[in-house]
Ligand SMILES: Cc1ncc(COP(=O)(O)O)c(C=O)c1O
């Protein structure tokens, strides 16, 4: 197999991905290659990754528990810190119980893998995250997708199914920033006796969770919570079922207990609400200023604000221009987004200043001309 040929093709098609090495903490200001940049492509929406109180809690966690968990949850890796965090997450989401996973990716694989053999059909929103698509491939059921956020399309597809089903949606769509219609999906799930599963990776901490009774809720902790990991919340029996049946839960090392101590602090800060108010004010400011500049913003009231430019080459060149001007904004290209919808994916954080947002948008206006 000629890997170099594959790599050349990716470069020719402007689809080659590369990593930039950051030399500072994750924050609104970061250093890359010795250059200081304003960071507009972090999922650290509440600016908690480098928050003094979260860092302090992390250090205390290390002092108490050491660096690593040493084993999977079902062997000796489930510490009091993990247990306390699960309890706090269950309480915050008002669910019977919560279960920690190492990442959101494995949590999604974990839910599907446990349900293998229990489901006859799955219907997913067309713009769901890659981890949900990969999870679907795990369970030997066809990948069936309804049109994005389109209830009519979902209903039409449900009419053709039989047996136990599951409707799956991102809560806040990761590349578009818009939100699923959870209340409408709940009604449809009820009518067809299907499970409803939502992946709230980008809403958790930013919006109040809306979790219908007996549905499945997954959220990540590496984004607004500023740490790492993920959890599934639901009724007690479902969580116990995951512990017994979910291979991506059973056969992996538990995350560091110190991370759980840090995340407990993040959760306190989320509940206290100050960072969230700052973020929501920034989102408002961003949208008003973009409209004043006549920028083509999308219908999103979340921290994710995409500007669709079309061709991958154009998105890359705009991102490079912004980088040279001191702003870090990622260009998102196919296959992460549909063909011809390459975009600048701007993400806002609580600690951005309005001045930084203003400067960014003036540069963006110039970069996408
Ligand atoms: C919607 C969605 N779900 C799941 C994940 C995976 O979460 P994690 O990064 O914790 O693996 C992501 C990550 O970007 C995401 O956007």
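The values are calculated or read from the model by the stated rules, or taken from the named source; none is laboratory data. These figures come from a predicted structure and were not determined experimentally. All Cβ positions, even for glycine, are placed from backbone atoms using ideal geometry, and neighbour counts span all protein chains on display.
Quick check, is residue 192 out of contact with any strand residue (DSSP E or B) (no Cβ under 6 Å at 6 or more places or on another chain), crowded, with 16+ Cβ neighbours inside 10 Å and in contact (Cβ under 8 Å) with a residue 60 or more places away in the chain? Criteria not met by residue 192.
With without any contact (Cβ under 8 Å) to a residue 24 or more places away in the chain and out of contact with any strand residue (DSSP E or B) (no Cβ under 9 Å at 6 or more places or on another chain) as the only criterion, which of 331, 350, 292, 325 stands out?
Numbers: 331 fails: out of contact with any strand residue (DSSP E or B) (no Cβ under 9 Å at 6 or more places or on another chain); 350 fails: without any contact (Cβ under 8 Å) to a residue 24 or more places away in the chain; 325 fails: without any contact (Cβ under 8 Å) to a residue 24 or more places away in the chain.
Within the list 331, 350, 292, 325, the selection yields 292.
When the stretch 144-176 is filtered for residues that are farther than 16 Å from residue 195 by Cβ and away from the ligand (no atom under 16 Å from the Cβ), the ones remaining, listed by number, are 147, 150, 151, 152, 153, 155, 156, 159, 160. Of all residues assigned to the stretch 177-196, at least one qualifies as being at pLDDT 95 or above, more than 16 Å from the ligand (Cβ to nearest atom) and closer than 27 Å to residue 335 by Cβ.
Condition check ((1) in the same structural domain as residue 306 (by TED's automatic domain parsing); (2) out of contact with any strand residue (DSSP E or B) (no Cβ under 7 Å at 6 or more places or on another chain); (3) without any contact (Cβ under 8 Å) to a residue 24 or more places away in the chain; (4) crowded, with 18+ Cβ neighbours inside 10 Å) across all residues:
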| position | (1), (2), (3), (4) |
| --- | --- |
| 34 | yes, yes, yes, no |
| 60 | no, yes, no, no |
| 74 | no, yes, no, no |
| 108 | no, no, no, yes |
| 123 | no, no, no, yes |
| 130 | no, yes, no, no |
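Considering the stretch 62-79 alone, what residues qualify as being farther than 21 Å from residue 247 by Cα and assigned to a helix (DSSP H, G or I)? Of everything in the stretch 62-79, those that are farther than 21 Å from residue 247 by Cα and assigned to a helix (DSSP H, G or I) turn out to be 62, 63, 64, 65.
Take the residues in the stretch 83-96 that are touching a residue at least 24 places away in the same chain (Cβ under 8 Å) and part of a helix (DSSP H, G or I), then tell me which one is surrounded by the most Cβ atoms within 10 Å (Cβ to Cβ). Give the steps one after another, and end with the answer.
Taking the stretch 83-96 first, the residues touching a residue at least 24 places away in the same chain (Cβ under 8 Å) are 84-86, 88-90, 92-96.
Of the ones still in play, those that are also part of a helix (DSSP H, G or I) are 84-86, 88-90, 92-93.
Values: 84: 15, 85: 27, 86: 21, 88: 17, 89: 25, 90: 19, 92: 19, 93: 21.
Going through the qualifying residues, I end up with 85.
Looking only at residues in the stretch 197-217 that are part of a loop (DSSP other than H, G, I, E, B) and in contact (Cβ under 8 Å) with a residue 40 or more places away in the chain, the one that is nearest to the ligand (Cβ to nearest atom) is 201. Inside the stretch 213-239, residues that are touching a strand residue (DSSP E or B) at 6+ places or on another chain (Cβ under 6 Å) and more than 21 Å from residue 268 (Cβ to Cβ) make up a count of 7.
Residue check, residue 260 against (1) within 14 Å of residue 89 (Cβ to Cβ); (2) part of a loop (DSSP other than H, G, I, E, B); (3) more than 13 Å from the ligand (Cβ to nearest atom), all met but one. Which one? If we test residue 260 against (1) within 14 Å of residue 89 (Cβ to Cβ); (2) part of a loop (DSSP other than H, G, I, E, B); (3) more than 13 Å from the ligand (Cβ to nearest atom), just (2) comes out false.
Here's the yes/no breakdown for (1) part of a loop (DSSP other than H, G, I, E, B); (2) more than 15 Å from the ligand (Cβ to nearest atom):
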position: 219; (1), (2): no, no
position: 224; (1), (2): yes, no
position: 239; (1), (2): no, yes
position: 243; (1), (2): no, yes
position: 265; (1), (2): no, yes
position: 283; (1), (2): no, yes
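Among the residues of the stretch 97-129, the ones that are within 17 Å of residue 200 (Cβ to Cβ) and either modelled with pLDDT under 95 or not in a helix (DSSP H, G or I) (or both) come to 11 in all. Of the residues making up the stretch 1-19, those that are exposed (fewer than 12 other Cβ atoms within 10 Å of the Cβ) and not in a helix (DSSP H, G or I) are 1, 2, 17, 18, 19.
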